[in-house]
1. If we keep just the residues of the stretch A:338-378 that are part of a helix (DSSP H, G or I) and within 14 Å of chain B (Cβ to nearest Cβ), which is farthest from A:Met424 (Cα to Cα)?
2. Scan the stretch A:42-53 for residues that are surrounded by 15 or more Cβ atoms within 10 Å (Cβ to Cβ) and charged (D, E, K, R) and report the count.
3. Restricting attention to the stretch A:421-438, report how many residues are of a type in the set (Gly, Ala, Ser) and in contact with a helix residue (DSSP H, G or I) (Cβ under 9 Å, 6 or more places away or on another chain).
4. Residues that are surrounded by 12 or more Cβ atoms within 10 Å (Cβ to Cβ), under 30 Å from A:Leu208 (Cβ atoms), under 60 Å from the mean Cα position of the chain (by Cα) and of a type in the set (A, V, I, L, M): does the stretch A:54-69 have at least one?
5. Here are the criteria: (1) part of a helix (DSSP H, G or I); (2) more than 12 Å from chain A (Cβ to nearest Cβ); (3) in contact (Cβ under 8 Å) with a residue 24 or more places away in the chain. Tell me which single one B:Ala43 does not satisfy.
6. Being touching an Asp or Glu at 6+ places or on another chain (Cβ under 8 Å), crowded, with 24+ Cβ neighbours inside 10 Å and modelled with pLDDT under 90 narrows it down to one residue among B:Met59, B:Met55; which is it?
7. Find the residue count for the stretch A:234-264, including only residues that are under 16 Å from A:Met317 (Cα atoms) and in contact (Cβ under 8 Å) with a residue 12 or more places away in the chain.
8. Are any residues in the stretch A:401-446 assigned to a loop (DSSP other than H, G, I, E, B), modelled with pLDDT of 85 or more and not acidic (Asp, Glu), and if so, which ones?
Amino acid sequence: MPPEGSNHDSLANIQAGKVRRILFLAFGGLLALMVVAGLDALRSLRQLDGMERQVNQRYSAHNQALTTILISVHVYHDQMERYLIQGDASLSNAGAADVKNRGDEAEVAIEKFPADADAEERAMLAQIQQKILEQENSFALLVMAQAQGVPEERLQIVLEQMMLRRAYILQISRNIALWNERKLVEATESLAANFQGLQSRLAAMVGLSLLAGLLLSLIGGFYILRLEKQGRVRYQELVASRQQLEALSARLVDAQEEERRSISRELHDEVGQTLGALLVDIGQLSKLVPPEDTFLQSQISRIKSAGESAVKSIRDMALLLRPPMLDDLGLVPALEWQGREISRRGEMEVDVHSEHVSEQLADDIRVCIYRLVQEALNNAARHSGAKHAKVSIRQNADKIHVEVSDDGKGFETERVRGMGILGMEERVKRLGGTLLIHSTPATGTTIRAELPSRRVEAA
Amino acid sequence: MRKIRIVLADDHKLMRSGLRVLLEQQQDFTVIGEASDGREAVALVNSQKPDVLVMDIGMPNLNGIEAAGQITEDHPEISIVMLSMHSDESYVLRALKAGAKGYLLKDSAETDLIRAVHSVAEGKSFFSPAVSKVLLDDYVRKLKRSGSEDPYDLLTPREREVLQLIVEGKSNKDVAQLLNLSVYTVETHRSNIMEKLNLHGVPELILYAVRKGIIS
């Protein structure tokens with residue numbers, strides 16, 4: 001039933017297409033997941049790297065600026081001490097200016113501190129600045145007092161204040177350095193936390209990809225197994241249907257042979273015999289009519305000859321359908337008859353040669369060989385222009401060998417495979433035999449068949 | 001006058017009754033029984049012991065040739081006329097081997113049956129002219145094709161005489177008496193004939209004689 005079959009097919013096609021799309025999407029999704037994870041990891045790594053560099057830069061810039069401040073503060077105070085200890089009046093103006101310059105330098109160094117300083121740093125820097133301003137004021141006070149000849153003891157208090165201030169400035173600087181260090185540690189810790197986050201994200205991605213891949217390969221595996229199973233089932237169905245077809249064609253051949261046999265018998269035994277009886281009666285009738293009655297006698301003889309020709313054509317038809325010798329006398333006499341019949345028709349001379357052929361051969365083997373030889377001889381007589389043909393049939397322990405050869409012009413065995421030859425092959429193969437055809441223009445055609453020599457089953 | 005007792009065997013009733021009418025028109029024939037298949041024929045012959053059995057070849061259960069074989073084995077004195085649709089030598093030879101003395105085509109039964117029954121009752125062979133013609137034609141064609149000469153030409157006049165008598169149904173003793181020879185000499189002639197003609201057994205010899213037109 002073709003419509004149902006094609007429906008089934010198109011349904012299967014649609015299903016296969018759907019599954020293919022799902023698989024494609026799943027594999028694509030897995031790949032996208034992996035690409036996204038990879039890109040994300042790369043981006044995060046680059047970001048972390050940038051952040052780390054920034055943190056380091058900040059730290060070293062602050063550190064450097066702080067160092068500069070410290071140095072300039074030290075230099076300022078050194079200069080200031082040297083000036084105060086020397087007490088050299090001649091140099092006093094120039095010396096004081098120099099100290100003032102150093103103080104300015106220290107202030108400049110503070111102002112040069114990186115702009116990204118936070119509020120704490122700014123506050124501490126402002127304190128340093130404040131203290132330096134106070135130092136400068138105190139220094140100016142001292143210079144003025146020295147010039148006016150204020151006694152040393154009274155200045156001592158101012159000096160002590162300045163020493164304290166200096167220590168305070170250094171303390172703040174150290175605080176800034178500590179602060180800076182703490183900032184660095186904090187930044188490094190946050191970087192480490194970021195890195196941790198990236199790691200766990202990556203791990204999750206990898207885990208997810210693995211899971212998806214596993215799922216996908218499981219589904220794919222099941223799908224392939226199912227396809228394989230379907231394929232196997234289809235193949236078995238195909239084999240079964242082929243066997244059915246072969247059995248059917250075998251049954252057809254059997255049925256045809258049986259039909260021929262029964263029609264042949266019917267024609268031969270019923271119609272032929274009735275006509276025979278009719279002829280006997282007509283003979284009787286002609287004896288009852290006086291010979292002088294020429295009209296009646298000629299009528300009777302016309303009826304008789306019509307009857308005779310009917311008998312002849314009935315017999316020919318029966319012989320063609322299934323020669324009774326095959327059943328009455330066996331295979332070899334039937335083949336010999338077939339050969340003589342062709343010789344009699346003047347088509348070509350046929351020799352039939354047989355060796356040790358059992359008369360108890362199973363009916364299907366007998367019929368197969370008979371039809372094979374009949375077909376081969378008819379082909380030779382009709383198409384090959386052969387003058388002679390030879391049929392040889394011999395039997396050994398378990399095989400029957402049949403050979404039909406002619407001296408005709410042959411044919412191309414590969415190209416010309418008419419129904420006749422196909423039919424021969426079919427019949428021989430079905431009985432477990434083999435058929436070989438060899439044909440060239442020089443040697444004519446030889447057909448060889450080998451069949452099992454099965455005997456008729458005991459009824 | 002002793003009548004010739006006949007049994008008719010044919011599976012076809014119309015044919016049987018036609019033949020019966022034909023045979024019973026003869027004053028010296030009497031049909032003592034009819035059989036419709038080979039087994040019936042064998043049983044009937046065993047119980048009735050007729051002189052002549054007129055039997056169709058194509059019959060159900062046991063065909064005419066096999067029935068003839070069984071009958072000849074037990075009652076070689078009963079003469080059998082085979083009725084057949086086939087003029088081919090395969091049938092003729094089988095019939096002869098089964099012990100039939102006459103071979104009649106059904107088409108010509110009406111004209112030849114009376115003569116056939118008379119011939120076989122006298123111990124002679126009888127063949128339908130149509131059969132003789134087919135056999136002869138086949139033989140001549142075969143000779144022509146093989147290009148060999150007719151082995152009949154190899155026979156001496158005395159051998160031809162012996163051949164003629166044998167195929168007419170005479171025993172070695174009869175032949176010896178008729179030709180005024182010893183039985184031993186007849187046997188020698190006989191085996192020489194067989195060898196020259198490359199034949200095996202009386203049936204083949206008879207078939208050969210029919211082909212050559214030595215007997216009809």
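The values are calculated or read from the model by the stated rules, or taken from the named source; none is laboratory data. Worth saying up front: this structure is predicted, and the values here are computed from it rather than measured. Neighbour counts are summed over all protein chains in view; Cβ atoms, including those assigned to glycine, are modelled from backbone coordinates with ideal geometry.
1. Among those that are part of a helix (DSSP H, G or I) and within 14 Å of chain B (Cβ to nearest Cβ), it is A:Arg344.
2. Number satisfying all stated conditions: 1.
3. The number of residues fulfilling the criteria is 2.
4. no
5. That leaves (3) as the condition not met.
6. Details: B:Met55 fails: modelled with pLDDT under 90.
From the options B:Met59, B:Met55, the qualifying one is B:Met59.
7. 5
8. A:Leu431, A:Gly432, A:Gly433
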